[in-house]
Amino acid sequence: MNEEYDVIVLGTGLTECILSGIMSVNGKKVLHMDRNSYYGGESASITPLDDLYKRFSIFGSPPECMGKGRDWNVDLVPKFLMANGQLVKMLLLTEVTRYLDFKVIEGSFVYKGGKIYKVPSTETEALASSLMGLFEKRRFRKFLIYIANFDENDPKTFEGVDPKKTKMRDVYKKFDLGQDIIDFTGHALALYRTDDYLDQPCLETVNRIKLYSESLARYGKSPYLYPLYGLGELPQGFARLSAIYGGTYMLNKPIQEIIMENGKVIGVKSEGEIAHCKQLICDPSYVKDRVTKSRQVIRVICIMSHPIKNTNDANSCQIIIPQNQVNRSSDIYVCMISYAHNVAAQGKYIAIISTTVETSEPESEIKPALDLLEPVEQKFISISDQFSPTDFGTESQIFISRSYDATTHFETTCDDIKDIYKRMTGSEFDFEEMKRKKTDIFGETEQ
């Protein structure tokens with residue numbers, strides 16, 4: 001402990017572990033500590049099942065019908081990986097993929113008028129979908145072709161749209177798309193949680209739909225991937241990467257004090273010892289005086305013995321309930337995985353509902369999602385405060401991650417990682433640069 005480090009990291013959530021891995025690869029001397037006895041912080045996977053019951057203060061032990069407690073790895077924060085998204089790129093680049101196995105999620109569904117429909121993801125599916133009428137399908141097909149051909153570096157593909165000025169609302173108008181299709185495109189393809197994007201320049205939305213299509217094109221069933229044994233495997237994979245490059249890890253380390261001098265961090269005190277550092281990365285729980293509560297997220301973990309109705313008995317899927325369909329201003333999400341992913345006992349399914357809290361009765365807000373899952377054998381309900389930093393580290397050199405939001409993918413988490421990286425180093429996070437640094441250390445990487 002009593003040493004000098006370039007960077008100390010507090011908390012082993014995914015954001016912290018990825019940054020720790022990247023900093024170690026960059027040649028920094030890293031010390032990584034967590035007050036908990038397990039990896040993952042807020043984004044941990046809990047095993048055995050007894051621990052989940054204890055964590056949610058549910059009286060008694062899990063009943064025998066739940067099978068072996070060790071067969072369970074239950075995520076506290078439900079998320080999938082976009083197959084062509086930033087996190088998969090980080091995993092491939094750092095070769096953390098060698099520690100993990102992934103399965104493709106079997107389908108993505110959208111809620112409309114009380115029923116769920118498969119999200120049409122190709123032209124063929126769009127034309128066969130019962131989500132829209134014949135003429136709508138033709139217009140939607142034209143829109144999808146336009147998006148596929150759109151290239152922000154080639155004005156010939158713009159067809160009169162200015163990607164940096166034209167609002168997305170006006171792009172929908174150009175193709176004469178109706179409200180249902182707009183809902184479904186913005187929320188199930190571009191994966192926005194609210195409708196604020198409609199009045200913003202369209203480039204971001206076009207790129208989001210492209211990401212969805214490209215992710216989908218990789219594996220066909222859905223654009224999402226999920227690691228066997230749960231999301232808790234992700235931070236552990238990056239922790240191994242950090243350790244390979246000389247990072248030091250300590251779990252079960254209570255943090256007594258973050259030591260400051262002239263407004264700048266100089267070290268961390270734990271169990272009477274002080275480790276010195278130039279920079280500190282941590283999650284909001286370690287620096288409550290430097291963060292602000294922005295909103296709350298409700299998450300409900302549901303254990304079931306059956307797949308969700310109308311999903312073709314999929315053993316994994318995502319359901320998006322667009323806010324307009326249930327008179328809300330943010331979407332409700334359902335992520336379902338099962339025994340097929342080594343996260344539950346044989347024949348059991350785990351569905352996790354999440355949304356941003358909007359009223360004083362959050363549990364009634366998620367009723368439309370719960371109705372899709374009945375019967376549920378056991379529910380675990382959590383309402384978490386979401387924090388964002390008020391101190392961006394310029395003076396203090398303390399860099400604080402944001403709480404995990406209600407989205408069901410890791411794109412916003414990766415944006416946070418890139419943002420922290422830029423504030424720490426002064427340069428943009430460059431995927432290619434990371435690749436070169438690894439080659440320098442290992443010599444030519446094997447193909």
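The values are calculated or read from the model by the stated rules, or taken from the named source; none is laboratory data. Nothing here was measured: the structure is a model prediction, and the numbers come from that model. Virtual Cβ from ideal backbone geometry, glycine too; neighbours counted across all protein chains shown. When the accessible area is computed, the model is the full protein with side chains, heavy atoms only, and any ligands, DNA or RNA have been set aside. Shrake-Rupley method; radii C 1.70, N 1.55, O 1.52, S 1.80 Å.
Key figures
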| quantity | calculated |
| --- | --- |
| Unmet criterion (only one of (1) open to solvent by less than 50 Å² (accessible area, probe 1.4 Å); (2) touching a His at 6+ places or on another chain (Cβ under 7 Å); (3) not hydroxyl-bearing (S, T, Y)) for K103 | (1) |
| Selection status of S222, in a loop (DSSP other than H, G, I, E, B) and either β-branched (V, I, T) or crowded, with 16+ Cβ neighbours inside 10 Å (or both) | yes |
| Whichever residue in the range 254-287 is under 24 Å from I417 (Cα atoms) and of a type in the set (K, R) and, among such residues, is least open to solvent (accessible area, probe 1.4 Å) | K264 |
| Which listed residue, of E64, E95, is among the acidic types (D, E) and either within 17 Å of the chain's Cα centre (by Cα) or within 30 Å of K379 (Cβ to Cβ) (or both) | E64 |
| Test: residue in the range 204-212 that is of a type in the set (S, T, N, Q), crowded, with 20+ Cβ neighbours inside 10 Å and within 16 Å of the chain's Cα centre (by Cα) | no |
| Residue that is buried (at least 20 other Cβ atoms within 10 Å of the Cβ) and not hydrophobic (A, V, I, L, M, F, W, C), where the choices are G85, G69 | G85 |
| Total residues in the range 179-199, condition assigned to a helix (DSSP H, G or I), open to solvent by less than 20 Å² (accessible area, probe 1.4 Å) and of a type in the set (A, V, I, L, M) | 4 |
| Residues that are touching a helix residue (DSSP H, G or I) at 6+ places or on another chain (Cβ under 7 Å) and open to solvent by less than 30 Å² (accessible area, probe 1.4 Å), drawn from the range 17-33 | C17, I18, L19, S20, G21, I22, S24, V25, V30, H32 |
| Selection within the range 34-61 - in a loop (DSSP other than H, G, I, E, B) and open to solvent by less than 30 Å² (accessible area, probe 1.4 Å) | D34, G40, A44, P48 |
| Check on R290, of a type in the set (D, E, K, R), buried (at least 20 other Cβ atoms within 10 Å of the Cβ) and either over 24 Å from C65 (Cα atoms) or in contact (Cβ under 8 Å) with a residue 40 or more places away in the chain (or both) | no |
| Hey, S384 touching a helix residue (DSSP H, G or I) at 6+ places or on another chain (Cβ under 8 Å), small (G, A, S), open to solvent by 10 Å² or more (accessible area, probe 1.4 Å) and under 26 Å from G230 (Cα atoms) or not | yes |
| Condition check for V119: under 22 Å from M336 (Cα atoms), touching a helix residue (DSSP H, G or I) at 6+ places or on another chain (Cβ under 6 Å) and surrounded by fewer than 20 Cβ atoms within 10 Å (Cβ to Cβ) | no |
| Meets criteria (charged (D, E, K, R), at positive phi and open to solvent by 60 Å² or more (accessible area, probe 1.4 Å)) for D313 | yes |
| Close pairs (7 angstrom Cβ cut-off, 6 or more residues apart or separate chains): farther than 26 Å from Y229 by Cβ in the range 341-364, open to solvent by 20 Å² or more (accessible area, probe 1.4 Å) and of a type in the set (V, I, T) anywhere | V357/I383; P362/I383; E363/I381 |
| Strands (runs of 3 or more DSSP E) lying entirely in the range 331-436 (those with 1 or more residues that are among the polar types (S, T, N, Q)) | 332-338, 349-356, 378-389 |
| Considering residues of the range 161-178 that are part of a loop (DSSP other than H, G, I, E, B) and open to solvent by 70 Å² or more (accessible area, probe 1.4 Å) only, the residue farthest from H409 (Cα to Cα) | D176 |
| Residue under evaluation L372, criteria (1) within 24 Å of K293 (Cβ to Cβ); (2) touching a residue at least 40 places away in the same chain (Cβ under 8 Å); (3) surrounded by 14 or more Cβ atoms within 10 Å (Cβ to Cβ), criterion not met | (1) |
| Among the residues listed as L203, L241, L191, L198, the single one being at negative phi and either in contact (Cβ under 8 Å) with a residue 60 or more places away in the chain or touching a Cys at 6+ places or on another chain (Cβ under 7 Å) (or both) | L241 |
| Sole exception among (1) in a helix (DSSP H, G or I); (2) in contact (Cβ under 8 Å) with a residue 40 or more places away in the chain; (3) more than 18 Å from T15 (Cβ to Cβ) for S285, by number | (3) |
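One line per residue, one yes/no per condition, for (1) aliphatic (A, V, I, L, M); (2) in a loop (DSSP other than H, G, I, E, B):
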site	(1), (2)
I255	yes, yes
R295	no, no
R299	no, no
K309	no, yes
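Residues checked against (1) more than 23 Å from P322 (Cα to Cα); (2) among the small types (G, A, S); (3) at pLDDT 95 or above; (4) out of contact with any helix residue (DSSP H, G or I) (no Cβ under 7 Å at 6 or more places or on another chain):
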| site | (1), (2), (3), (4) |
| --- | --- |
| P362 | no, no, yes, yes |
| K367 | no, no, yes, yes |
| E395 | yes, no, yes, yes |
| I400 | yes, no, yes, no |
| D416 | yes, no, yes, no |
| T439 | yes, no, no, yes |
